Amino acid sequence: MMQWVKSGTRSACLFGVLLAVLAGCNGSDSETNPESTFSGTEPSTSDDTKVPNEPVTGEVKIVPNTDPSPPVTTGGEPNPIVNALEAASKSATRFIEIAPDTAGGQTFESSPTFDYDLGNVVTMHSADSAAFTGGKVIISPIKGWIRYPEKKLDSSLDTERYKVIVFLHGQHTDSTTEHSFQGYNYLAEDLTPHGYVVLSIDARIINEAGWDNSSGQSRAQLVLGTLDRLRQIDENGQVDKDGKPGPLNDLKGKLDFTRIGVMGHSRGGQGVSTAILFNETRSGVTEADLRTALLAQPSGFRTAYPDLSAAVIPAAGSATASIDETRFKAAIAKYNIYYAAGSGNENVPPPYSFKGAFLLAQTDFGGSNGLSDVPVATLLPSCDGDMRNLQGSSTYDRNRFGRSDYTAPRYQIMVNGANHNYYNTHWPSDDFGRGRGPDYCLTSNTDSIRLTSDDQRRGGTFIINSFMRYHVGGEQKFASWWNGLAQLPEQACPSGKGPCDERIVLTVQKAESGRQLIQRFEWADSLRRSLIGGVITFSDFDATARCIMPSVANAGGNCAPTRLPGFAWKVDTFGIAIKGLLSIADHAELPWSKPNASIVTELKDLSAKDYDSLTFRIGVVWPLGQEVEVTLTDTAGKSATVDASNFSDALYNAPKRKKGGTTPKEEDLPMLDDPTDAPYANGEVKILLNMVAIPLQAFEGVDLAHLKELKLAFPKESGKVAITDIELQNFGRDERLAEIALSQAGMLGGAGGGVAFGSNEGANKSAGDEDNQLIVNH
């Protein structure tokens, strides 16, 4: 009998064979994607009571040579690479499909790129990343580039409003002809034909101010101020200086402010983090703030806003300076000036619904603590020579576990061989040079791991845009990659040829409803007892240390009894960490000098029935690679052991693959380091705590509902590792296998292997939305 049920339940039992082999038949009600924050139930319209009741006046013009390419309507679907029935009934494989590329399956004709100038917003510079005090007023133009969908390619497509994506560049000096904000047009060109309005904000005035803005305050206010202008366009349209409708008038009534994604690069990442904080409680700038700054230093406004400076009446004798009200108001109107909302201003808009925040090689000067319930991805280039201490890893570590009511996942993506600059097409220089990290990142070395600028952007296009389309657009076909279940598409690989999964190492942290945390080494007794109350035993290690996160930004872990040799940061002549273990998460440091040192954790009859993967984070400190033999034992005494390297590229600190097949384990990576990597094997690389994820199906014969013990053993004769975040997580593996099995049995339609969730282009659903789905009961 067929019936319809809500997706996300794990009771999706397939006829006969699947009933016996899929873990979905346990009657649990836990959700595949528990990130309920992504529900698409919010109203699509903006709150017009908080929007100025007039069109936005501005200059908008087409950027030459940005006409859209012919649409690519084919492809763009995941490609299953397993027989789902066979995979479900036998030992698990690492990947069950190949992720779709982001180019295929376009559903709209795109506009060209438009250069917009929509006025000026008064913002505040501050170096204080906590309280945002001691700021200086700066007026930031609302300028940048924008692209948007123009015409449906399929008239039956049910899309009335477009999702909004905002890009924010970092602090690079612009030339007279090339500007930082223009460097992400390749991403916009890929996103827009799939139903997204994409803006890239020009923040060059903030860069040129020369003041310390390490808090990202003015950048955050620029982001939110730009969205405020878009909200006004959505309500009232856009006109030019003569009052005639402008190109952005086409967006009136078409913007979906319940589905917003933001990406910040470098200092732009700091700005995006601060924008998330300000989104909940607006930190604004008032007219009084502008008046105070104008009186204090009118010359500071003379070049860009001479009429504003001229409104100041100089002091005569002992009198203080004053402002000519008529001139002041005329200047405000002439320059189309408004104020960053919040902090005493009237009509503060309600918070925006950020569905995803992507932090690209970002700065983190203050710790970026307390990011709200928004999915956050942090990309860390292993050959970053600018943000060479990979500060973004701190953002991930500090925010990976939110409050118990947080429902958003967190991601860390390490890209092997990427630098800081090449993700922006207008930052052409190679930021990595000698003395900024491991020499295997130098392009002059014959053993260099470096990606070319084109290849780096191939991967960047997939990672950034698939994140936005999954979390902002609710395009479930990208879920498998963001849950570690899918290979990279060839289009994301160097020269467009795959596989290349060793290039990009993904770490996923689900919200509380999607995980069972076993240990994270935060508490004083973490080396003796787990978070579920079981005893932990460390055997045959030379020493053990427990390290907690530092209370201040840009500092190494605080370790007891002491930080062990080899684990500390290695710094350059400026004291900036460039090598060694750069992650700051609470962790255990473990060296050994004879094989088979182990960690044994008592699981106390723990049930894994609501989860599909065993995960932990590990940093290989010495040498370049380490194997981990993982054993699960149930309460009946049945055990199964798997090699973690069969399921992860996190165990070798270079982008190289295992030979596998008939190659003896002792002669393969990571048990045997590649001889060419010898110069980099002693902490001479940037080391992060990356995730190993092992499907629970791999532990054959073990009763997963009654687990007694977990053992992690290190068979290499010696080594040093850091480890943390040992847990069970639900990545939706069983449900995805069930969908593929139904498709392969001919019971579901769809291209690319009949992927049920691959046909929701433009649908008003976000990742985690409940949807009706056909299942089969026998």
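The values are calculated or read from the model by the stated rules, or taken from the named source; none is laboratory data. Values in this document were obtained by computation on a predicted structure and should not be read as measured data. All Cβ positions, even for glycine, are placed from backbone atoms using ideal geometry, and neighbour counts span all protein chains on display.
Inspect the stretch 570-583 for any residue being in the same structural domain as ILE532 (by TED's automatic domain parsing), out of contact with any Pro (no Cβ under 6 Å at 6 or more places or on another chain), outside any loop (DSSP other than H, G, I, E, B) and farther than 30 Å from ASN389 by Cβ and give the result as yes or no. The answer is no, given that none of the residues of the stretch 570-583 is in the same structural domain as ILE532 (by TED's automatic domain parsing), out of contact with any Pro (no Cβ under 6 Å at 6 or more places or on another chain), outside any loop (DSSP other than H, G, I, E, B) and farther than 30 Å from ASN389 by Cβ. Name every residue in the stretch 552-569 that is in a strand (DSSP E or B) and among the aliphatic types (A, V, I, L, M), in order of residue number. The answer is ALA560, and nothing else. Sort out which residues of the stretch 253-269 are in a strand (DSSP E or B) and in contact with a Gly (Cβ under 6 Å, 6 or more places away or on another chain), and write them in order of number. Within the stretch 253-269, GLY261, GLY264, HIS265 qualify. Every condition in (1) more than 23 Å from LYS656 (Cα to Cα); (2) buried (at least 24 other Cβ atoms within 10 Å of the Cβ) holds for LEU531 except the one numbered (2). Against the test of being acidic (Asp, Glu), touching a strand residue (DSSP E or B) at 6+ places or on another chain (Cβ under 8 Å), closer than 21 Å to ALA640 by Cβ and assigned to a loop (DSSP other than H, G, I, E, B), the options GLU727, GLU709, GLU700 yield a single qualifying residue, GLU700.
For the stretch 252-274, a residue qualifies if it is of a type in the set (A, V, I, L, M, F, W, C) and more than 15 Å from the chain's Cα centre (by Cα), and the qualifying residues are LEU255, PHE257. I'd like to check something: does the stretch 574-583 contain any residue that is farther than 26 Å from GLY732 by Cα, surrounded by fewer than 23 Cβ atoms within 10 Å (Cβ to Cβ) and without any contact (Cβ under 8 Å) to a residue 40 or more places away in the chain? There is at least one residue in the stretch 574-583 that is farther than 26 Å from GLY732 by Cα, surrounded by fewer than 23 Cβ atoms within 10 Å (Cβ to Cβ) and without any contact (Cβ under 8 Å) to a residue 40 or more places away in the chain. Of the residues examined, ASN424 is one that is touching a His at 6+ places or on another chain (Cβ under 8 Å) and touching a residue at least 12 places away in the same chain (Cβ under 8 Å).
What are the pairs, 6+ residues apart or on separate chains, where a residue within the stretch 78-91 that is over 16 Å from PRO489 (Cα atoms) has its Cβ under 6 Å from a residue that is at pLDDT below 90? Note: pairs meeting the criteria are ALA84/ALA741; ALA84/GLN744; LEU85/VAL17; LEU85/ALA741; ALA88/VAL21; ALA88/LEU22; SER89/VAL21. When the test is whether a residue is surrounded by fewer than 20 Cβ atoms within 10 Å (Cβ to Cβ), more than 28 Å from the chain's Cα centre (by Cα) and under 30 Å from ASN345 (Cβ atoms), ASP117 passes it.
Against the definition (in contact with a strand residue (DSSP E or B) (Cβ under 9 Å, 6 or more places away or on another chain), of a type outside the set (D, E, K, R) and closer than 26 Å to HIS706 by Cα), how does VAL620 come out, yes or no?
no
Scanning the stretch 345-357 turns up no residue that is within 24 Å of ALA585 (Cβ to Cβ) and either among the charged types (D, E, K, R) or touching an Asp or Glu at 6+ places or on another chain (Cβ under 8 Å) (or both).
Considering only residues in the stretch 207-221 that are surrounded by 24 or more Cβ atoms within 10 Å (Cβ to Cβ), out of contact with any Leu (no Cβ under 7 Å at 6 or more places or on another chain) and at negative phi, the one that is modelled with the lowest pLDDT turns out to be ASN213. Just one of the listed residues (ALA92, ALA130, ALA88) is at pLDDT below 95, outside the structural domain of ASP649 (by TED's automatic domain parsing), in contact with a Gly (Cβ under 7 Å, 6 or more places away or on another chain) and of a type in the set (Gly, Ala, Ser), and it is ALA130. Checked against the criteria, ALA486 does not count as touching a Cys at 6+ places or on another chain (Cβ under 8 Å) and closer than 15 Å to ILE504 by Cα.
Evaluate the following for ASP364: is it at pLDDT 95 or above and either outside any loop (DSSP other than H, G, I, E, B) or farther than 27 Å from THR258 by Cβ (or both)?
On the way: at pLDDT 95 or above: no; either outside any loop (DSSP other than H, G, I, E, B) or farther than 27 Å from THR258 by Cβ (or both): yes.
Taking the combined requirement at face value, the residue does not satisfy it.
Residues that are modelled with pLDDT of 95 or more and in a strand (DSSP E or B) occur at least once in the stretch 414-431. Here THR425 meets the list (1) crowded, with 21+ Cβ neighbours inside 10 Å; (2) of a type in the set (Val, Ile, Thr); (3) within 30 Å of LYS355 (Cα to Cα) almost entirely, failing just condition (1).
When the criteria are applied in full, VAL312 meets the requirement of being in contact with a strand residue (DSSP E or B) (Cβ under 9 Å, 6 or more places away or on another chain), closer than 18 Å to TYR335 by Cβ and without any contact (Cβ under 8 Å) to a residue 24 or more places away in the chain. Across the stretch 278-294, the qualifying residues are those that are over 17 Å from THR226 (Cβ atoms) and in contact with a Ser or Thr (Cβ under 8 Å, 6 or more places away or on another chain), and the one among them that is surrounded by the most Cβ atoms within 10 Å (Cβ to Cβ) is LEU294. Can you pull out the residues in the stretch 136-160 that are farther than 24 Å from MET124 by Cβ, in contact with a strand residue (DSSP E or B) (Cβ under 8 Å, 6 or more places away or on another chain) and either at pLDDT below 95 or not charged (D, E, K, R) (or both)? Within the stretch 136-160, TRP145, ILE146, TYR148, PRO149, GLU150, LYS151, LYS152, LEU153, THR159 meet the criteria.
Checked against (1) in contact with a Pro (Cβ under 6 Å, 6 or more places away or on another chain); (2) closer than 30 Å to ASN369 by Cβ, GLU684 passes all but condition (2).
Can you confirm whether the stretch 477-497 contains a residue that is in a loop (DSSP other than H, G, I, E, B), over 20 Å from the mean Cα position of the chain (by Cα) and assigned by TED's automatic domain parsing to the domain that holds SER382? Looking through the stretch 477-497, at least one residue is in a loop (DSSP other than H, G, I, E, B), over 20 Å from the mean Cα position of the chain (by Cα) and assigned by TED's automatic domain parsing to the domain that holds SER382.
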